[in-house]
Amino acid sequence: MIGGTVRGMTRIARALALVAVLVAAGAGTAGAAPVVNGIYDVPDSPKKLTQGPDGNVWVVVGGNALARFTPDGTRTDVPLTGVSGAKGITAGPDGNLWVTATTKLVKVPPAAPASFTAFTVNDIINPQAIVTGPDGNLWTASADKVLKISTATPTAPTLYTLTSTPSPSARGITSAGGLLWAVDFGGAIVSLTTSGVQTPYSVGGLPQEVAGSPSGQVLYGNPGTDPHTIGRIVPGGLPQTTNVPLTDPFGMTFGPDGAYWVAQFAPGTLARVTTDGVVTTIGGLPTNSPREITSGPGNTLWVSLELSNKVARVTGVDPPPAPAPAAPGGPTA
């Protein structure tokens, strides 16, 4: 009897030990909260950034150079000799990086960036963001126009003049839900089909940037309203705004965690904005500095600190956990 009791206790102890191991394993794989985890110098003021097809983060620096950052923060500088006013950057559909500059569009092969090619595009008067559209073309905005650009013939863009306000001034641009979305600094967000058909959404103020989500919803920042606001739009719907006073919301991206992230220049914070408008923030950045932001490799965000001549990395921007599988013949485990 005593031997049976000992064997039973041994089985219980082993079971408890197994449970402890499983709990510890689960705790070890849980995602950490987003936090600033690295701030790196760049030679001049950083502009827009993007994740390249090579798995590195590329930053426009000072209007005439790029900085390439590996995921661990190692930097390589790439001069863009003969280029000025560089600002926007994106990974193109052809495997190259594409950069907007004053009257130029620059193609940069990630494996050999020194062999870049600068094409003359006179309609890029005031360089802004650039994206790949759902049609496989590059799209950017400048002055009062949106430009559709083929990577095969970059010097011959198709031009669409904005008609959203009396004096349109194109700024940010993104792709979402099969549409292009452009910011008119005059007070509107404009959706465009790939053939250039426009639908304006009046938002007032002085909107700056826009980011898209996989659902087709977009988020925009508007530091020209009082108080400052961020807004969400779905095609055919009315803008839904949230007040973010005295934050100067600017650059934005859709993060790997399924929420938008916004660089808030004035307080030196990043705002996390859910698709239904709930806002939380994280700090750890210099005030009057965060300007642009992009999603990076390994569930990270990368932020341009404009007046600090630095770039920051945020880790822990993990996707939400997958639902637990249902137990056979029973409720969800």
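The values are calculated or read from the model by the stated rules, or taken from the named source; none is laboratory data. Treat the numbers as computed from the prediction; the structure is a model and nothing was measured. Using ideal geometry, Cβ is built from the backbone for each residue, glycine included, and neighbour counts are taken over all protein chains shown. Note: accessible area is taken over every heavy atom of the protein model, side chains too, but ligands, DNA and RNA are not part of it. Shrake-Rupley method; radii C 1.70, N 1.55, O 1.52, S 1.80 Å.
Quick notes on this one:
- Selected from PRO245, PRO321, PRO43 as most flexible by GNM, with the chain as the system and alpha-carbon contacts under 10 Å: PRO321
- Where segment 212-329 is the region considered: accessible area per residue in Å², 1.4 Å probe: 40 Å²
- Multiplying the residue separation of ASP135 and ALA324 by 0.36 nm and removing their Cα-Cα distance gives an extension gain of 64.3 nm.
- The chain: most fluctuating residue of ALA182, ALA114, ALA322 per GNM, C-alpha cutoff 10 Å: ALA322
- Between THR155 and SER115, the FRET efficiency from the beta-carbon distance, with R0 = 25 Å, is close to 0.85.
- Computed over protein heavy atoms with a 1.4 angstrom probe, the accessible surface ordering of ARG75, ARG171, largest first, is ARG75, ARG171.
- These residues, THR247, THR103, go from largest to smallest accessible area, 1.4 Å probe, as THR103, THR247.
- Counted by Cβ distance under 11 Å from GLY85, the other residues give a net charge of +3, where Lys and Arg count +1 and Asp and Glu count -1.
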